[in-house]
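To start, the structure itself, in structure tokens.
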Amino acid sequence: MSKTPGKYRRAMMLGIGLDSDGHKRLTRGPNFALVGGTAETHEAMTETAIKINEKLAARGKRLEEVNREEFDDIAHSVGLRRHEPEPQRRPAPSN
């Protein structure tokens, strides 16, 4: 990744739990913010963010210092998978 002299770069991970049990949850770390989810979902997101940070530390890097491929490799190693959206289908023309 290119670095612009004199500019500060910061990277953040954002986790959003879409399931709910009525409780509001927010967990913040030095480079992540996690919101929502059931207790189980929120705990899983927290563990994943911590594992990613441990992997980054083992490589001697910070989140803003890794490129997309390296982040994908780290994410894959902690059990995350990239979701590729399906191509949108065009509706049939109406006559």
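For the chain, the direction-averaged projected area of the alpha-carbon convex hull comes to 10.5 nm². Extension gain for the segment ALA44 to GLU65, taken as residue separation times 0.36 nm less the Cα-Cα distance, is 5.1 nm to one decimal. Only lysine pairs 8 or more places apart, or on different chains, with alpha-carbon atoms under 28 angstrom apart are counted in the chain, and they number 7. Annotation: peptides 48-61, 73-86, ranked by per-residue average of other Cβ atoms within 10 Å with the highest first, follow the order 48-61, 73-86.
Rounded to the nearest 20 debye, the dipole size of the chain about its Cα centre is 520 debye, using +1 on the Cβ of Lys and Arg and -1 on the Cβ of Asp and Glu. Less than 5 angstrom separates the built amide H of PHE32 from those of MET13, all sequence-distant by 5 or more or on a different chain. Amide H to amide H distances under 5 Å link GLY17 with VAL35, GLY36, GLY37, where only residues 5 or more positions off or on other chains count and H is placed in the peptide plane.
For segment 13-77, relative contact order (Cα pairs under 8 Å, six or more residues apart, normalised by length) works out to 25 percent. Helical content of the chain, expressed as a calculated mean residue ellipticity at 222 nm, amounts to -10500 deg cm²/dmol (DSSP H runs of 4 or more residues, -39,500 (n - 2.57) each, divided by residue number, nearest 500).
We did not get these values from a lab; they are worked out from the coordinates using the rules stated. Keep in mind the model is a prediction, meaning the values are calculated, not measured. In this analysis, Cβ positions are derived from the backbone assuming ideal geometry, glycine residues included, and neighbour counts consider all displayed protein chains.
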